[in-house]
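Below is one structure, written out as structure tokens, with a few remarks after it.
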Amino acid sequence: MSSLTIYDDQVRTLAHHTDADAIREALAGIGVGFERWAADRVLSEGAGQEEVLQAYAASVDRLKAEHGFVTADVIRMKPDHPERATLRAKFLDEHTHADPEVRFFVEGRGQFVLHPDERVFSLVAEAGDLVFVPAGARHWFDMGERPSFCAIRIFSDPAGWVAAYTGDAVAERYPRLST
Ligand SMILES: [Fe+2]
């Protein structure tokens, strides 16, 4: 189940939400988008990039039109991926991007953690969740020790999606994605 836990700067829990509307409202308050999407058609097991993009074409096209995004692709991570530790480590520290980070989870899950002020918003996104992290927002992402997800990534420019690390070690003090 998708969940959002809000912490203070001493890692004390301020709020915990599992209701999609409550999650959307709390994230909207810090400028982060959260939507639930339904597939336009039934996806086959292990569906490829084209099939996944077609299944969510209406939602992806709407976001592209609203925000000027130009490309979308599909990534799939398996628990036995040989480079999973390296890939995981890339986004575990607090960073920002010049462009928005937009992800829709087709299968599996991942943890997006936002750090807008003294609070920390930890979202575990599951299949059916769209997360929109605006450009410049301080955040980190954990796919877990044994990553398992399929996600659509939507870009205005894939080159803009490079992590600029803030140098703040804040991420180490908060719970990671539990596996
Ligand atoms: Fe990121």
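The values are calculated or read from the model by the stated rules, or taken from the named source; none is laboratory data. None of the values given here were measured: they were computed from a predicted structure. So basically every Cβ, Gly included, is an ideal-geometry build from the backbone, and we count neighbours across all protein chains shown. For accessibility, only protein heavy atoms count, side chains too; no ligands or nucleic acids. Shrake-Rupley method; radii C 1.70, N 1.55, O 1.52, S 1.80 Å.
For segment 48-101, a residue qualifies if it is out of contact with any strand residue (DSSP E or B) (no Cβ under 8 Å at 6 or more places or on another chain), over 27 Å from residue 171 (Cβ atoms) and in contact (Cβ under 8 Å) with a residue 60 or more places away in the chain, and exactly one does: 68. Of these, 86, 71, which one is surrounded by fewer than 18 Cβ atoms within 10 Å (Cβ to Cβ), hydroxyl-bearing (Ser, Thr, Tyr) and modelled with pLDDT of 95 or more? Of the residues listed, the single one that is surrounded by fewer than 18 Cβ atoms within 10 Å (Cβ to Cβ), hydroxyl-bearing (Ser, Thr, Tyr) and modelled with pLDDT of 95 or more is 86. A count restricted to segment 135-147 and to residues that are open to solvent by 40 Å² or more (accessible area, probe 1.4 Å) and either within 13 Å of the ligand (Cβ to nearest atom) or within 19 Å of residue 37 (Cβ to Cβ) (or both) stands at 3. Go over the candidates 107, 118 one by one and state the one that is surrounded by fewer than 14 Cβ atoms within 10 Å (Cβ to Cβ) and either under 19 Å from residue 32 (Cβ atoms) or touching a strand residue (DSSP E or B) at 6+ places or on another chain (Cβ under 8 Å) (or both). Within the list 107, 118, the selection yields 118.
Yes or no: residue 94 open to solvent by 30 Å² or more (accessible area, probe 1.4 Å) and more than 9 Å from the chain's Cα centre (by Cα)?
On the way: open to solvent by 30 Å² or more (accessible area, probe 1.4 Å): no; more than 9 Å from the chain's Cα centre (by Cα): yes.
When the stated conditions are applied, residue 94 does not pass them.
The set of residues in segment 31-54 being under 15 Å from residue 117 (Cα atoms) and surrounded by fewer than 16 Cβ atoms within 10 Å (Cβ to Cβ) consists of 31 alone.
Does residue 98 count as within 14 Å of the ligand (Cβ to nearest atom) and either in contact with a Ser or Thr (Cβ under 7 Å, 6 or more places away or on another chain) or under 27 Å from residue 7 (Cα atoms) (or both)? Against the criterion (within 14 Å of the ligand (Cβ to nearest atom) and either in contact with a Ser or Thr (Cβ under 7 Å, 6 or more places away or on another chain) or under 27 Å from residue 7 (Cα atoms) (or both)), residue 98 qualifies.
Pairs meeting the criteria (first residue in segment 145-169 and closer than 29 Å to residue 66 by Cα and touching a residue at least 60 places away in the same chain (Cβ under 8 Å), second residue away from the ligand (no atom under 11 Å from the Cβ) and in a helix (DSSP H, G or I), beta carbons under 6 Å, at least 6 apart or on different chains) are 154/63.
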